[in-house]
1. So for region 59-81 (the condition being closer than 15 Å to Met206 by Cβ and of a type in the set (Gly, Ala, Ser)), does at least one residue qualify?
2. Residues in region 149-182 that are free of Cβ contacts under 8 Å to residues at least 40 places away in the same chain and within 15 Å of ligand 2 (Cβ to nearest atom): how many?
3. Return the total of residues in region 261-293 being closer than 17 Å to Glu235 by Cβ, more than 29 Å from the chain's Cα centre (by Cα) and of a type in the set (D, E, K, R).
4. Give me the pairs, please: first residue somewhere in region 186-202 and assigned to a strand (DSSP E or B), second residue anywhere and away from ligand 1 (no atom under 15 Å from the Cβ) and aromatic (Phe, Trp, Tyr), beta-carbon distance under 8 Å, and either six or more positions apart or on two chains.
5. Based on what the data block shows, is Met206 part of a strand (DSSP E or B) and more than 22 Å from Gly27 (Cβ to Cβ)?
6. Does region 144-173 hold any residues that are of a type in the set (Val, Ile, Thr) and part of a strand (DSSP E or B), and which are they?
7. When region 84-105 is examined, which residues are found to be among the aliphatic types (A, V, I, L, M), part of a loop (DSSP other than H, G, I, E, B) and surrounded by fewer than 18 Cβ atoms within 10 Å (Cβ to Cβ)?
8. Quickly run through region 187-234 and pick out the residues that are among the small types (Gly, Ala, Ser) and within 16 Å of ligand 2 (Cβ to nearest atom).
Amino acid sequence: MIELVDLTKKFKQMYAVKNLNMFIERGEIVGLLGPNGAGKSTAISMLSSLVEPTSGDVRFENNSILKKPAPFRKVVGMVPQNIALYTDLTAEENLLFFGRIYRLHGKELERKVDEVLEQIGLTDRRKDVVKKFSGGMQRRLNIGVAMLHDPEVLIMDEPTVGIDPQSRNYILETVKRLNEDRNMTVLYTSHYMEEVEFLCDRIYIMDKGNLIASGTKDEIKQILSSEKTISITMERLNDEFVEVLKQNPQVNRVTTGEKEVTILVPRDANVFSEIIRLAESTGIELNSVDNKTPTLEDVFLHLTGRALRD
Ligand SMILES: Nc1ncnc2c1ncn2[C@@H]1O[C@H](COP(=O)(O)OP(=O)(O)O)[C@@H](O)[C@H]1O
Ligand SMILES: [Mg+2]
């Protein structure tokens, strides 16, 4: 349905996006994952013809949307990273306003506004001005705006950043429902692994403008098939313990939390007794040592040597 071909954007000497190749099939939820600055928003802006690529192409049903944007614009709903609403107007007034921009009128517009309010769970708040809304409610309304013209494709740029957990779950469930009930195609951008894991059929991972992995969830986790992840928790972490882990020849990567250390080791390595020994020698009081099923977070760590939330 949609294809990005060697899509590239340079700002001065810096590649924000470099030779990005992606495809999206009808009815899929595709995840675009990467830390801040990876190039996600730039990629999406080129996809929705807000930013002109330096080189490469974007194709919608085999036609370049760079040459002919109209057919794609008609079917795409874009939820931008920054909320774009009139905060002095009510939820309903915002939807009516944006609906008219999409050339909806009269009864059809009213029906659509009712439907969207229902979908985003704001029916009972329709008469309230947007500036009284929580961040999460504003996000939901912003998503509602993108759904007014019944898009076949919804592009969402980090729609859950900085909002409360209830709104976040609501948004994730809404996306899932739109996909299941209406076969809506979704490109979902995030730097939260667990969201992408929950929602997406296929995933692309970007870092510093480059695609570093792509495939189904299982395929991506296969990247880790030669390694396993061990989570170590303790009463209090110290630098010495981290250092001896890093220096251990069996340990490939070490990341630290407040009272937790995660290490990647070869799949067949038996390191439990070694960990216990190292903990004792550095004065660490262990709480647990567990094998973890690999997550996308681990994949990112494996590929880049950095945690996603750096
Ligand atoms: N208009 C711009 N001018 C110059 N640099 C930009 C511009 N937009 C984005 N960048 C840079 O491009 C890189 C990718 O940014 P962005 O696409 O926003 O990443 P993400 O959405 O993954 O956080 C960043 O280093 C950012 O500073
Ligand atoms: Mg962004």
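1. No, region 59-81 contains no residue that is closer than 15 Å to Met206 by Cβ and of a type in the set (Gly, Ala, Ser).
2. Selection size over region 149-182: 2.
3. Here the count works out to 2.
4. Short answer, once both residue conditions are applied: none.
5. yes
6. Val153, Ile155, listed by residue number.
7. Across region 84-105, the qualifying residues are Ala84, Leu89.
8. Taking region 187-234 and keeping what is among the small types (Gly, Ala, Ser), we get 190, 209, 213-215, 225-226, 231.
Passing the criteria: Ser190, Gly209.
The values are calculated or read from the model by the stated rules, or taken from the named source; none is laboratory data. Small disclaimer: the values here were computed from a predicted structure and weren't measured. Please note: Cβ atoms are built from the backbone with ideal geometry, for glycine as well, and neighbour counts cover all protein chains shown.
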